[in-house]
Amino acid sequence: MKSAVFFLVGITLIAGFSLPKKRPRKDLAAVVARVAHQYVEREATLDSFLQAYPHYFYDSSWVVREKKYEELAYYFKRAANFFIYFEPDRYYRDVSGPFHFQKNNKKGFFSGIPDAWLFEGPIGNEPDSMLLKEFSRDDSLSQTDFIRQATATYRKLFAQYVNARHFETMSATVLFDALRLEIFRISTIDLANSDFIIEEAALPSLNGSLDSWLTFTGALAEALPTSENGLRAQWTTLRSGIKSYLADNKNYGSFDRMHFLRDYLIPVSRFLNHLQLALQVPFLSHQRATRSDALDIYNKDVFNADYFAPNKGGYYSRAKAELGELLFFDPILSGNNKRACASCHKPALGFTDARPKSVSFSLQTLPRNSPTVINSGLQKNEFWDLRASSLEDQLDSVINNKEELHSSFAALVDRLNSSPEYVRLFHDAFPETRRTGINRDAIKNAIAVYERTLIGLNSRFDQYVQGEPSALTLQEVNGFNLFMGKAKCGVCHMAPLFNGSLPPFYDFSDHHSLGIPIRDTMDKYVVDPDLGLMKVNGDSFSRFSFKVPTLRNIALTAPYMHNGVYKTLEQVVDFYDKAAGNQFSKDMRSDMTGLPFFTILPIALHLTDVEKKDLVAFLNALTDSSAASSVPHRLPAIRSGYAGLNNRTVGGDY
């Protein structure tokens, strides 16, 4: 068994819950209480297991340690669901947060490694331990001490969390909501083994999550009236099918993730929706990333784009979106009236510019590659270094940046006020501007609302998982299974957005340090000197770290990486197949070796040539460029001293 670095990102959510507005068809209070009791039992089982876990590392064999590690993943996942739902901040910060090296009080061997390594390590579990290779030492006693400390920490955290207040206030509406978000998480995170990148933990953790989900959902299904016998029969078929498939398919490499997703996880997710309607339980009324009544996480309408707006001014209206579209393509935003947002985000190129690094205002080269705008509104952080917390926030940097649009909001407002058409459009979209006049917030909100309409979630892949059998070829299906399995792509590029935004809450965008080189071919490796997130937060543990970008429409958005170093997907796949920047370890300078710079699996994937082709074929099936179909044919006329701008180019000149 091989050790690995864990890639799970933290998230934050839940301000409150609304209780049902009307009583369900049947009083479900007893069912809710039963589910709460079942969960507490699972937490107690995990606690007992954690208490005993360190003892397996004194004199037991490697085979025993491996088996116990798999049990750890199973029991942990059985008890994680309500913890994640009710206490996401605490869970992802203190229990099983994103694996990034961090400052802590540990000394020597484990300095910079969080307690979560207990689940992702596993420390001391195998003869080819990654840490032993990194540090060139065998210190099993130190490893055992770490396990003892980490398990004690987790027992304490679970004990602090499990209290009556959550379950005392949990209604049937909240229970259904928790189960819905949990099946969303299982269908994405667990399916790709994102919590435990180590292969041996993948299926035990999936089994653990589904064991609890099926048990809790089953308690609700038992409350169905006799008039819903058809729904009862559907539940029996789905539940037995899931259990049988998991029992019969215990091999990580051959597990058919596409089949399991398409024929079991999506149908059972939809069943939950039908069950809630049949029991007349209202859906949760709460503003969040996914719709409370969504059928499944892979549905193209599952997301609520307004959730990602920083204020109500950024909520969708047709008038705002149409105004924002004009502004996006209007070079009036730039200081020389020749550059627009569309200069770097061209619709025909998947809203990128096909350059390794974008061109600057002064016709020089900008520091980084231009990412796609499609689906960019469905994430909490923007830019490669995550420095913007919304699309609105991003616009401040772009408009005022002398190397991008080199303008100011004061100058822009002056030009817009010289256009009667723009003034009317702003008044229609933002009625308050009749009183305040066109202002900075209205401009930013309009463009951001338009960008949040640029959704691409209806690719051939999406059509296939939604039931269209001819949408994908066998090669592309095989590619998906590799993506979510052996190739480990789905660990960081999480479905269904295939970026670093963690389902099911989407409140955090992950980042990783991969060791991206400055050229695609070189005699001696030199890492790209761009510090990435470290330049923003000053934390040396995030050196060379960049946001995990979306892979949707990746066939249209070459070249790749933050510096555009790779021209083809084949090059990218080869880079990861050879363990990314770790393949160049022999060439690293003394200040670049070892921790904390790379947070990528330091083990080659050993993909065959056929597997690489299958993987690329799947990536090509993620294309949905329908958002590029609408481009303005004209721009609003300008009067007064700016009349000379009426011949400006839609989308800018360069």
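Laboratory data are not the source of any read-out in this text; all were calculated from the coordinates shown. Keep in mind that what you see is a predicted model, and the values were worked out from it rather than measured. Cβ atoms come from the backbone with ideal geometry, glycine included; neighbour counts cover every protein chain shown.
A Cβ-based charge dipole, computed about the Cα centre of the chain with Lys and Arg at +1 and Asp and Glu at -1, lands at about 1260 debye. Roughly how many Å is it from the Cα centre of the stretch 319-383 to that of the stretch 635-654, as a whole number? Answer, in whole Å: 18.
Between the stretch 222-257 and the stretch 404-472, the C-alpha centres lie 44 angstrom from each other. Protection proxy ranking of 207-218, 638-649, 487-498, by the mean of other Cβ atoms within 10 Å over each peptide's residues and highest first, is 487-498, 207-218, 638-649. At 20 °C and a viscosity of 1.002 mPa s, what translational diffusion coefficient does Stokes-Einstein give for the stretch 204-312, taking Rh as the Kirkwood radius over Cα pairs? Give it in µm²/s as a whole number. The diffusion coefficient I find is 137 µm²/s.
Taking each residue as 0.36 nm, the span from H259 to S244 lengthens on full extension beyond its C-alpha to C-alpha distance by 4.1 nm. The value for the stretch 28-84 of Rg(Cα) / (2.2 N^0.38 Å) is 1.41. If you take the Cα centroid of the stretch 194-214 and the Cα centroid of the stretch 499-548, the two points sit 28 Å apart. Out of all DSSP beta bridges with both ends in the chain, state the antiparallel percent to the nearest 5. Restricted to the chain, the bridges split so that about 90 percent are antiparallel. Multiplying each eigenvalue of the alpha-carbon gyration tensor of the stretch 478-624 by 5 and taking the square root yields semi-axes of 24, 19, 14 Å, largest first, rounded to whole angstroms. Note that the stretch 306-456 shows a convex hull volume over its alpha carbon atoms of 103 Å³ per residue. Distance between the modelled labels on S585 and A159, one decimal in nanometres: 3.9 nm (7 Å Cα→Cβ projection). Pairs over the 31 Å Cα-Cα cut-off, from the set K243/K380; K444/K547; K338/K524; K250/K578; K444/K486: K243/K380; K338/K524; K444/K486. Counting only DSSP H runs of at least 4 residues, each contributing -39500 (n - 2.57), and dividing by the residue count of the chain, the helix-based mean residue ellipticity at 222 nm comes to -12000 deg cm²/dmol.
When the Cα convex hull of the stretch 262-318 is projected onto planes of every orientation, the mean area is 4.9 nm².
For the chain, the residue among T372, A278, L333 whose Cα projects farthest onto the positive side of the dipole built from Cβ charges is L333.
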